[in-house]
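Take a look at the structure set out below.
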Amino acid sequence: MNILIIGSGGREHALAWKMSRSPLVDTIWSAPGSVAMDQIGPCFDVAVNDMENLEKLALQLAPDLIVIGPEAPLALGIADQLRARGFDVFGPNKEPARLEASKGFAKDLMTRLDVPTAAYGRFTQADQAKAFLRTLSAPYVLKADGLAAGKGVVILPTLKEAETEIENMLSGKFGAASTELVIEEFMTGEEASIFVLTDGVNRITLPSCQDHKRLLDHDEGPNTGGMGAYCPAPVMTEALLAEVDETITAPVLDELNHAGHPYQGVLYIGLMITSEGPKVVEFNVRFGDPECQVLMAAMPDDIVPALLACATGGMPERDFRALLPAVNQTRPAVTVVMAARGYPGSYEKGAVIRNTETAGEIEGVTLFHAGAGTNDAGELIAAGGRVLTVTAVGVTLKQAMERAYSAVDVIDWPEGIYRRDIAWRALARQ
Ligand code: AMP
Ligand code: GLY
C-alpha cells in the first residue's frame with residue numbers, strides 16, 4: 001500500500017520512518033516533508049494548511065491511507081475534506097478536532113461529562129475575566145481559546161501581571177486565537193502524556209510518555225514545544241491508566257460518537273497527576289512532538305494496521321485490540337531535542353551540523369530531523385527552532401538515556417542547545 005503523510009517535523013519523520021518499516025508499505029509520500037523524509041519517499045511542496053492543493057495532491061497520488069501529523073490542518077477540516085473524496089484518513093474531522101482548536105469547547109465538554117480537570121471560566125470581556133481572576137489564588141493560568149502554535153498558555157505569579165496579560169491577550173496578542181480566554185485554577189503534580197488510538201468506538205492506549213516542557217535542566221526557564229521525552233512513564237501506574245481510561249477517555253470518545261462525530265485518529269490527553277488523582281490539562285488531536293519519536297522508536301509492532309483501522313473504522317473490538325499485540329512489551333526510550341540557540345525566542349538558521357551519521361550508528365539510536373535542512377554544499381544545517389530529536393531505546397530507561405546522550409555528545413554543532421536531564425523524574429524514582 002501507499003501512504004501520504006502531511007507534515008514536516010520530527011513527529012512526522014518518526015511516523016514516516018516507522019511506517020516505512022512495515023511490510024505492508026510500498027511508498028511513503030510526504031507533503032511538504034523534509035530533507036530527511038525525502039530519503040524515505042518522495043516529498044511534495046504543499047504546505048500543511050493549503051487545503052486545496054493537499055486535496056489535489058491526494059487525488060493525483062491516490063494513497064491508500066492519509067496520515068495527518070499536525071493540528072492546524074485538522075482544525076481547518078482537512079480530514080472531512082479528504083474523507084468526502086473517499087480517502088481513508090488518520091486524523092479527526094473538524095468537529096472533534098475542536099478538542100484542541102477551542103480550549104473553551106474542551107472544558108465545557110469535560111464539565112458536562114464530569115471529566116476531572118481544573119476549574120475554569122471563559123471570557124471575552126476584560127472586567128469579567130479580572131473579577132474571576134480575583135476568586136483564584138496565584139499562580140494564574142491564562143489560555144488563548146484557539147490555536148496559538150503551542151504558545152497560547154501563560155502562567156503568571158502575580159495578580160497584577162495576570163491582569164495586564166488579560167488585556168494583552170484580549171487585544172490580540174495571539175490574534176484571533178485570543179479573542180476568547182480560558183482562565184484556570186493552577187494544578188500541581190507530575191505531568192504525563194497519554195495517546196489513544198481510536199476509530200471512534202474502539203481504542204488502544206499506547207505506552208505513557210512524559211514530555212519536558214521547560215527549556216532548561218531542573219524544569220527551569222521558559223515553556224517550549226517540548227525539549228525531550230521518554231516512555232513508558234512510571235508515574236502512570238496500571239491503576240492510574242485504568243482510571244484515566246474510565247473517567248476521561250471513555251466518556252469523551254462515547255460523547256463524540258453519540259453526537260455523530262466519531263473521533264478517528266490519535267487523542268492526546270495531557271494529564272496532571274494531582275493529589276486528587278489524574279486531571280486533564282489539555283487535549284490535543286494529534287501525536288505529541290517529541291513524544292511521537294519515543295513511541296515510534298520503541299513500539300515493537302507494525303503501526304500501519306492500527307493507523308489504517310482508525311481511519312477505516314468498523315472493526316470488531318477484539319480484532320482492533322489485536323492490532324498491537326506487543327504494545328505492553330514496549331522498550332524504554334528517550335529522546336533529546338537539540339534546538340538552535342535562542343529557541344523558543346528568535347534564533348539563527350544556517351549553522352552546519354556534523355557527525356550525525358556517526359551518532360546514528362550508536363546502538364539503539366535513531367535521529368529524527370525536525371527543523372533541519374541542507375545547504376548548497378549538501379551539509380546538514382539548522383533550519384528551525386527544534387532541529388534534531390536524538391532518540392534511543394534501551395533494555396532499561398537508564399541505558400536508553402545513556403545511549404541518547406552519547407549520540408548527542410558525538411554531534412558537532414556548537415550553536416545547538418539541549419537539556420542534559422531528560423527522564424530525570426523516572427530515574428529519580430528508581
Ligand atoms: P498546554 O499548552 O495546555 O499544554 O499548557 C502548557 C503547559 O502549561 C502544560 O504542559 C502545563 O505544564 C502548564 N499548564 C497548563 N494548564 C495548567 C494548569 N491548569 N495548572 C498548572 N499548569 C498548567
Ligand atoms: N510535546 C507537546 C506537544 O506536542 O504538544
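When the accessible area of the chain is computed with all protein chains present and a 1.4 Å probe, what percentage of it is carbon and sulfur? Roughly 49 percent, rounded to a whole number. Taking Cβ separations below 4.7 Å as the criterion for a possible disulfide partner, the isolated cysteines in the chain are Cys43, Cys292, Cys310.
Find how many whole Å separate the alpha carbon centroid of the stretch 94-149 from the alpha carbon centroid of the stretch 347-372. Spelled out, the Cα-based centre of one part sits 38 Å from the other.
Which sequence of Thr356, Thr374 reflects their accessible areas, 1.4 Å probe, from the largest down?
Most to least solvent-accessible, the answer reads Thr374, Thr356.
Annotation: Cα Rg of the chain relative to the compact-globule expectation 2.2 N^0.38 Å equals 0.94. Working note: Karplus 6.51/-1.76/1.60 with θ = phi - 60° gives the stretch 33-41 the couplings x, 8, 4, 6, 5, 5, 7, 8, x Hz, where Gly and Pro are set to x.
Evaluated with a Cβ-only charge set (Lys, Arg +1; Asp, Glu -1), the chain carries a dipole of roughly 300 debye about its Cα centre, given to the nearest 20. With all protein chains kept in place, the per residue accessible area of the chain amounts to 40 square angstrom at a probe of 1.4 angstrom.
Our summary gives the chain a relative contact order of 16 percent, counting only alpha carbon pairs under 8 angstrom and 6 or more residues apart. Across the stretch 219-231, coupling constants 3J(HN,Hα) worked out from phi with the 6.51/-1.76/1.60 Karplus curve, θ = phi - 60°, read 6, 10, x, x, 5, 10, x, x, 9, x, 7, 8, 8 Hz, and Gly and Pro carry x. Rounded, prolate or oblate: pick one for the stretch 95-204, where a ≥ b ≥ c are the square roots of the eigenvalues of its C-alpha gyration tensor, a/c under 1.5 means rounded, and failing that, prolate if a/b is larger than b/c, else oblate. Note, shape of the stretch 95-204 comes out prolate.
Counting every Cα pair in the stretch 53-156, what percent are over 22 Å apart? Every Cα pair in the stretch 53-156 considered, those over 22 Å come to 46 percent. Qualifying GluC sites (Glu not before Pro) in the stretch 39-108, where qualification requires a DSSP coil assignment and no more than 10 other C-beta atoms within 10 Å, are lacking entirely. Under 5 Å from the amide H of Ile353 lie the amide H atoms of Leu380, Ile381, Ala382, each residue being 5 or more positions distant or on a separate chain, with H modelled from the backbone and absent for Pro and chain starts. If only the Cβ of Lys and Arg carry +1 and only the Cβ of Asp and Glu carry -1, the dipole of the stretch 144-300 around its Cα centre is close to 440 debye.
Taking other residues whose beta carbon is less than 15 angstrom from the beta carbon of Asn202, and scoring Lys, Arg as +1 and Asp, Glu as -1, yields -2. Just want the answer: with Cβ charges of +1 for Lys and Arg and -1 for Asp and Glu, which residue in Val48, Pro222, Pro63 is farthest toward the dipole's positive end in the chain? Most positive-ward Cα: Pro222.
The values are calculated or read from the model by the stated rules, or taken from the named source; none is laboratory data. These figures come from a predicted structure and were not determined experimentally. Using ideal geometry, Cβ is built from the backbone for each residue, glycine included, and neighbour counts are taken over all protein chains shown. Ligands, DNA and RNA are excluded from the accessible area calculation, which covers all protein heavy atoms including side chains. Shrake-Rupley method; radii C 1.70, N 1.55, O 1.52, S 1.80 Å.
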